[in-house]
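One structure below.
The values are calculated or read from the model by the stated rules, or taken from the named source; none is laboratory data. Owing to the predicted nature of the structure, the values given are computational and were not obtained by experimental measurement. Note that we place each Cβ from the backbone using ideal geometry, even for glycine, and neighbour counts take in every protein chain shown.
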Amino acid sequence: MSYNETKQHGTADFPFELYEINQTHPKYEMAMHWHYNVEIIRVKKGKLSITLDNRKFTANQGETVFVNSETLHGAIPTDSEYDCVVFNLAFLKTGNVSCDSFLDNLLNHNAVISDKINSPLYQTAISKLFSALKTREDGFQFKVFGAVNELIGALKENNDFSYKIDGLNQKDEKNVAKLKRILAFIRENFDKELTLDDMANASGFSTKYFCSFFKNMTGKTPISYLNDYRIERASRKLLASDLPITQIAFSCGFNDLSYFIKTFKKLKGCSPKIYRKILL
């Protein structure tokens, strides 16, 4: 799944948020998405098959991944528990030219932090960051600022970043841009009846090429992606409202209740009714 996430993480005056993910979480399988914020993913248990733009790799227990601003990313967990910290890098700017120029390079995508940040040099700062956001003790905001600045400083000191070279991987960049446009359309229309032809037409591709391109880029068929995204949205509605299950199914693009329940069981391991009962 892929979409441009516009959700506010944290608050306007403190845009930092911690998410603790396990098998019961509605977003256990991280839908492919992108956002202006950066994200740090720490694997506590099991492993994650991660995609960052066109790069695919596995992050194992104890490893940490840095997701740069507006990078298309997603993760498929295997018996996993993982934490994510999402924050607005621009919030670290203080007016200091030497510091702000590096942050601007990251925000403008002229520079990118390395995908895996597993050096012991970074672990103290990472632990401080996650711990402060989890305990939220009095004064935790200062600890968060300190930990993030300590981490960014250590990454720069150890050259765990690279400057973008114009013209490098232009084909890959164009493909990622195409995928973002295609999946933004699906996100905006998931609650309507959508066919393969509808999605292909919106992308400007033939149906055959569209299916091949989509599967190559995401590892999923368009219909599988659509169903996954619809079930994720339904899961969130089940936990956030007392709407009838039938109404939730229809509002998420399913026009057949039995098919919705069958698909939900396949992806979540239980019926929508039991899912709501267990987690509420």
Members of the stretch 81-120 that are among the basic types (Lys, Arg) and either under 17 Å from the mean Cα position of the chain (by Cα) or not in a loop (DSSP other than H, G, I, E, B) (or both)
116
For the stretch 253-264, give me each residue that is farther than 12 Å from residue 235 by Cβ and either out of contact with any Asp or Glu (no Cβ under 8 Å at 6 or more places or on another chain) or loosely packed, with under 11 Cβ neighbours inside 10 Å (or both).
254, 255, 256, 257, 258, 259, 261, 262
Number of positions in the stretch 40-64 that are under 15 Å from residue 16 (Cα atoms) and surrounded by fewer than 20 Cβ atoms within 10 Å (Cβ to Cβ):
0
Residues of the stretch 235-251 being farther than 18 Å from residue 30 by Cα and surrounded by fewer than 20 Cβ atoms within 10 Å (Cβ to Cβ), in sequence order, are 240, 241, 242, 243, 244, 245, 246, 247, 250, 251
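Table: residues versus (1) at pLDDT 90 or above; (2) of a type outside the set (Phe, Trp, Tyr); (3) surrounded by 15 or more Cβ atoms within 10 Å (Cβ to Cβ).
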{"residue": "170", "(1), (2), (3)": "no, yes, no"}
{"residue": "192", "(1), (2), (3)": "yes, yes, no"}
{"residue": "196", "(1), (2), (3)": "yes, yes, yes"}
{"residue": "201", "(1), (2), (3)": "yes, yes, no"}
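For the stretch 210-231: of the residues being surrounded by fewer than 20 Cβ atoms within 10 Å (Cβ to Cβ) and under 18 Å from residue 266 (Cβ atoms), which is modelled with the lowest pLDDT?
By that ranking, first place goes to 219.
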Hey, does the stretch 125-147 have a residue that's in a loop (DSSP other than H, G, I, E, B), among the hydroxyl-bearing types (Ser, Thr, Tyr) and either surrounded by fewer than 19 Cβ atoms within 10 Å (Cβ to Cβ) or over 20 Å from the mean Cα position of the chain (by Cα) (or both)?
no
Of residues in the stretch 65-97 being within 17 Å of residue 27 (Cβ to Cβ) and hydroxyl-bearing (Ser, Thr, Tyr), the one surrounded by the most Cβ atoms within 10 Å (Cβ to Cβ):
82
